[in-house]
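Please treat every number below as a calculation from the coordinates, not as lab data. In this text the structure is predicted, and so the values were computed from the model without any measurement. No Cβ is skipped: glycine too gets one built from the backbone with ideal geometry, and neighbour counts run over all protein chains shown.
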Amino acid sequence: MSSRACSPVGRTLPLSNKKIQRTLLVIDVQNDFTEGGSLAVKGGNVTATAIADYVRGRRGQYALVIASRDWHSPTGDNGGHFAAKPDRVSTWPPHCVQGTTGAAYNPAIETSLIDVQIYKGDGVPAYSAFEGQTPGGATLDAVLAKERVSHIDIVGIATDHCVRATALDGLQAGYTVTVLSNLCVGVSPDSSIAAIREMSDAGIAITFSS
């Protein structure tokens, strides 16, 4: 699991204001992480729908909407990420395997809402979207740099794993980061609270979408 952090959203600025170029990162809103999936998070479907509604309503306020996907290899254990007896801390049941229904976005997430897709975890453990790349091989950091993005808002699944890792990586990379906590859902309440506290202490803004 990688690490880094975030800043406030409250009032997002329109693209016409060039002082702040803001991007929305939608983290791993996939079938296997929502109800009915192999690694389902309770409340995943509701969160997916809320994220889609938010994107439709706020699309014009973001330079880009970027979505990450776990995209694990169908062969091997993906660098020890998959295990027959997973501890659900650093090892997990098979999930989001390339080409499967589980790896697809939750039906609420329309691909027409997404500008850039980031794939991560092909044969290796990967939690942060900053560990992934586009189909063309560009890193997330390269995509953001090209658009001169300075602020990142983060939503998605799961608060205590891939949202946390992406937010902390974003902070370390020099971005101002905000986590919209009501548009995230975690694996467990205790670890989600701990992740929120860790991100806040690091300097990431934790807020609610309006």
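Let me have the relative contact order for the chain, percent, based on Cα pairs under 8 Å that are six or more residues apart. Provide the component values of the computation, followed by the final result.
On the way: 527 pairs, mean separation 68.7, N = 210.
Across the chain, relative contact order equals 33 percent.
Can you tell me, using C-alpha contacts under 8 Å and at least 6 residues apart, the relative contact order of region 51-154 as a whole percent? Working shown, then result.
Details: 144 pairs, mean separation 31.0, N = 104.
After rounding, I find 30 percent.
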Notebook entry, point to check: Given the Cα-Cα distance of Val124 and Asn182 and 0.36 nm per residue of separation, how much length would full extension add, in nm?
Noted result: 17.9 nm
Notebook entry, point to check: Name the residues of region 55-72 whose amide N is less than 20 Å from a point 7 angstrom out from the Cα of Arg148 along the C-beta direction?
Noted result: 60-66
Check: If you line up the long axis of helix 189-202 against the longest principal axis of the chain, both from Cα atoms, how many degrees apart are they, to the nearest 10?
Finding: 40 degrees
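Can you tell me which of 101-111, 29-39 comes out highest on packing, and rank the rest after it, using the mean Cβ neighbours within 10 Å? Provide the component values of the computation, followed by the final result.
Values: 101-111: 16.8, 29-39: 21.9.
Taking the mean over residues of other Cβ atoms within 10 Å, the ranking is 29-39, 101-111.
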Notebook entry, point to check: How big is the charge dipole of region 71-124 about its Cα centre, in debye rounded to the nearest 20, if each Lys and Arg gets +1 on its Cβ and each Asp and Glu gets -1 on its Cβ?
Noted result: 200 debye
Next item on the list: Within region 144-210, report the trypsin sites (Lys or Arg not before Pro) that DSSP leaves as loop and that have at most 16 other Cβ atoms within 10 Å.
Entry: Arg148
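Rounded, prolate or oblate: which fits region 129-198 when a ≥ b ≥ c are the square roots of the eigenvalues of the alpha-carbon gyration tensor, with rounded for a/c under 1.5 and prolate only if a/b beats b/c? Don't jump to the answer; show the numbers that get you there.
On the way: a/c = 2.45, a/b = 1.83, b/c = 1.34.
Since a/c reaches 1.5 and a/b is larger than b/c, the shape of region 129-198 is classed as prolate.
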Margin query: With +1 on the Cβ of every Lys and Arg and -1 on the Cβ of every Asp and Glu, and nothing else charged, how large is the dipole of region 22-207 about its Cα centre, in debye rounded to the nearest 20?
Written below: 320 debye
